[in-house]
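Here is the structure we will look at, set down as structure tokens.
The values are calculated or read from the model by the stated rules, or taken from the named source; none is laboratory data. Just so it is clear, the model here is predicted, and its values are computed rather than measured. When we count neighbours, we look across all protein chains shown, and the Cβ atoms used for this are built from the backbone with ideal geometry, even at glycine.
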């Protein structure tokens, strides 16, 4: 199959590199509005073909799929044109700015029997795959909470706030691992320098008192990428800044041993070992490319499918609206 990659800014060259080395891909076509980017990509990857415009790509019968690495505001327009032209579609996260737009893309893909996939790359990292494997095997137990911190100094976005920039990563991980349908979302945030919030906090509630919390910050003096997951059997710490032991498992927890009286429960603390499971060293984006190609060739759902992308957009949109409403809880 031949794949056209639209958008050669920050993420586009990484996509080009990985699709060129993916089995089943016999040609990569690159397209961008800036000639300087086209020249640079051709210099780095001699085997790629350059396309003069997006419309030209759509007209080509030998292009089977399109990858959009363009600003999220363009996803609905460019994505719809790609699907209408009969091209399978991989879209950089988040899928869209509005749930209605994400649903429209899903509907068109289903009508035309095309694969629509979202590049939630973190779902393919070895660390997240290991956590998912442990949870599926029942080793973590019932999840009690999901707590994430994703902060750094910059990079300020000109067209969006910190929620849409940083939260999609951890929300997609939560969606993938927790596996419950969220009930409500609330968020608060502030802007210190322009109209876009640079600090925000999101809370997502689930059935059975399961809760998730997200802290995003563009003006932190340190870079932190950490997730804590509390289970009834194990507690998990995923620190993406760790060079080797990114996932640590703690045999710690709390158990209720009856009641001392009517108002006081007997609490017992479980203190056990900590260990770090073996994590494979595989580039996540290579697995994204492989999953997309196999989904197209074999007609199956990819891991980061359109439903995952839609659910992430629903939470982002609800959080953004809640923030505008002073933290009001939004039912989903």
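Take the conditions modelled with pLDDT of 90 or more and under 30 Å from residue 75 (Cα atoms) and apply them to residue 276. Does it pass? Answer is no for this residue.
Given the criterion modelled with pLDDT under 95 and either touching a helix residue (DSSP H, G or I) at 6+ places or on another chain (Cβ under 9 Å) or on the phi > 0 side of the Ramachandran plot (or both), identify the matching residue among 192, 176, 196, 169. Just one listed residue meets the conditions, 196. Look at region 151-171: where a residue is free of Cβ contacts under 8 Å to residues at least 40 places away in the same chain and a partner is buried (at least 22 other Cβ atoms within 10 Å of the Cβ) and part of a loop (DSSP other than H, G, I, E, B), sitting 6+ places away or on another chain with Cβ atoms under 9 Å, you get 157/218.
Would you check if there is a residue in region 22-29 being in contact (Cβ under 8 Å) with a residue 40 or more places away in the chain, on the phi > 0 side of the Ramachandran plot and out of contact with any helix residue (DSSP H, G or I) (no Cβ under 6 Å at 6 or more places or on another chain)?
Of region 22-29, the ones in contact (Cβ under 8 Å) with a residue 40 or more places away in the chain are 22-25.
Okay, now just the ones that are also on the phi > 0 side of the Ramachandran plot, so 24.
Narrowing the set further to residues that are out of contact with any helix residue (DSSP H, G or I) (no Cβ under 6 Å at 6 or more places or on another chain) leaves none.
There is no residue in region 22-29 that is in contact (Cβ under 8 Å) with a residue 40 or more places away in the chain, on the phi > 0 side of the Ramachandran plot and out of contact with any helix residue (DSSP H, G or I) (no Cβ under 6 Å at 6 or more places or on another chain).
Counting the residues of region 296-305 that are in contact (Cβ under 8 Å) with a residue 40 or more places away in the chain and either closer than 21 Å to residue 133 by Cα or in the same structural domain as residue 170 (by TED's automatic domain parsing) (or both) gives 4.
Condition check ((1) at pLDDT 95 or above; (2) out of contact with any helix residue (DSSP H, G or I) (no Cβ under 8 Å at 6 or more places or on another chain); (3) within 19 Å of residue 187 (Cα to Cα)) across all residues:
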site: 206; (1), (2), (3): yes, no, yes
site: 211; (1), (2), (3): yes, yes, yes
site: 216; (1), (2), (3): yes, no, yes
site: 223; (1), (2), (3): yes, yes, no
site: 226; (1), (2), (3): yes, yes, no
site: 232; (1), (2), (3): no, yes, no
site: 239; (1), (2), (3): yes, yes, no
site: 242; (1), (2), (3): no, yes, no
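Strands (runs of 3 or more DSSP E) fully within region 130-248 that include at least 1 residues being under 30 Å from residue 325 (Cα atoms): 143-153, 184-190, 199-205, 211-217, 219-231. Scanning region 281-329 for residues that are assigned to a loop (DSSP other than H, G, I, E, B) and within 30 Å of residue 244 (Cβ to Cβ) gives 281, 282, 283, 302, 303, 304. For residue 28, indicate whether it is surrounded by 14 or more Cβ atoms within 10 Å (Cβ to Cβ), modelled with pLDDT of 95 or more and under 24 Å from residue 110 (Cβ atoms). In short, no.
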